[in-house]
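Contents: one structure, followed by commentary.
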Amino acid sequence: MEFVQPLRSRVDITRVKEVLKSRNLRDYTLFVLGIYTGLRISDLLKLRVQDVAKAEGKNLVIRESLSLREMKTGKAKIIVLNKTARFALKQLIRGGTGSLEDPLFVSRKKDKEGRPKAIQRCQAYHILNRAAREAGIQERIGTHTLRKTFGYHNYRKGFDITKLQQIFNHASPAVTLAYIGFTQDEIDEAYINLDY
């Protein structure tokens, strides 16, 4: 497996968002949900419309949070959706024509019974990689980039590393720091900028 990086620059994040949004709401929403929830790609791709929206009369209303059981760990998780994620979901679902049971990130391919099928991990990888290249990003980008970006930016904003460790289910804070790409340059910066 290839080691990928988080998107460290807000400018890079914005450029990727713009590329994806101009191309496809599904792909844009996948990116946004990934960087704002920190979910693994396997958990994102298994989401159904009913996980993020509920019927109220004839309307679908985006939920405030989503509740799921992580595929890798089997742990239950509740994740509050921020306004950017909720707005992207609202746009995506408004454009959809399916049911609450349909996959959230629908592929053009159908299953054996002709029902909508979710995009696959390799397709998500190609979507993200292509968008990153179009946005001028040269670092290695993959599906884990979404999760790492979530962790990296939360940590940079001062979010406690032990809480990120819990979110990611890592064994130690050191594992989390390595995972989110906290580099030697950033460690050096702590010494260089220290002045009493």
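The values are calculated or read from the model by the stated rules, or taken from the named source; none is laboratory data. Because the structure is predicted, anything quoted here is derived from the model rather than measured. All Cβ positions, even for glycine, are placed from backbone atoms using ideal geometry, and neighbour counts span all protein chains on display.
Considering Lys17, Lys110, the condition of being surrounded by 18 or more Cβ atoms within 10 Å (Cβ to Cβ) and either in contact with a Gly (Cβ under 7 Å, 6 or more places away or on another chain) or of a type outside the set (Val, Ile, Thr) (or both) is satisfied by Lys17 alone. Quick one: what pairs do we get from the range 144-158, first residue crowded, with 20+ Cβ neighbours inside 10 Å, second part of a helix (DSSP H, G or I) and polar (S, T, N, Q), C-beta under 7 Å, 6+ apart or different chains? Once the first residue is crowded, with 20+ Cβ neighbours inside 10 Å and sits in the range 144-158, its partners that are part of a helix (DSSP H, G or I) and polar (S, T, N, Q) give Phe150/Thr37; Gly151/Thr176. Looking at the range 177-196, which of its residues are in a helix (DSSP H, G or I) and surrounded by 10 or more Cβ atoms within 10 Å (Cβ to Cβ)? Once the filter is applied, which keeps residues that are in a helix (DSSP H, G or I) and surrounded by 10 or more Cβ atoms within 10 Å (Cβ to Cβ), the range 177-196 yields Leu177, Ala178, Tyr179, Glu186, Ile187, Asp188, Glu189. Given the structure, is Val32 in contact with a Leu (Cβ under 8 Å, 6 or more places away or on another chain) and either under 21 Å from Ala118 (Cα atoms) or not aliphatic (A, V, I, L, M) (or both)? Judged against the criteria, Val32 is not a match.
Conditions (1) loosely packed, with under 13 Cβ neighbours inside 10 Å; (2) not aliphatic (A, V, I, L, M), marked per residue:
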site	(1), (2)
Leu39	no, no
Lys54	no, yes
Arg69	yes, yes
Lys72	yes, yes
Thr84	no, yes
Ile93	no, no
Glu101	yes, yes
Leu104	no, no
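Evaluation of Gln165 against the conditions (1) of a type in the set (S, T, N, Q); (2) at pLDDT 95 or above; (3) crowded, with 16+ Cβ neighbours inside 10 Å shows that the sole unmet condition is (2). When Glu186, Glu139 are checked against the criterion of being in contact (Cβ under 8 Å) with a residue 40 or more places away in the chain, out of contact with any strand residue (DSSP E or B) (no Cβ under 8 Å at 6 or more places or on another chain), more than 27 Å from Lys54 (Cβ to Cβ) and not aromatic (Phe, Trp, Tyr), a single residue qualifies: Glu139.
Just to be sure before I move on: is Val80 free of Cβ contacts under 8 Å to residues at least 60 places away in the same chain, under 24 Å from Thr145 (Cβ atoms) and of a type outside the set (S, T, N, Q) in the structure I sent? Spelling it out, Val80 is indeed free of Cβ contacts under 8 Å to residues at least 60 places away in the same chain, under 24 Å from Thr145 (Cβ atoms) and of a type outside the set (S, T, N, Q). Answer yes or no as to whether Arg130 is within 25 Å of Ala178 (Cα to Cα) and surrounded by fewer than 16 Cβ atoms within 10 Å (Cβ to Cβ). So Arg130 does not fit the description; no. Looking across Arg140, Arg147, Arg156, one residue alone is within 15 Å of Thr37 (Cβ to Cβ) and charged (D, E, K, R). It is Arg147.
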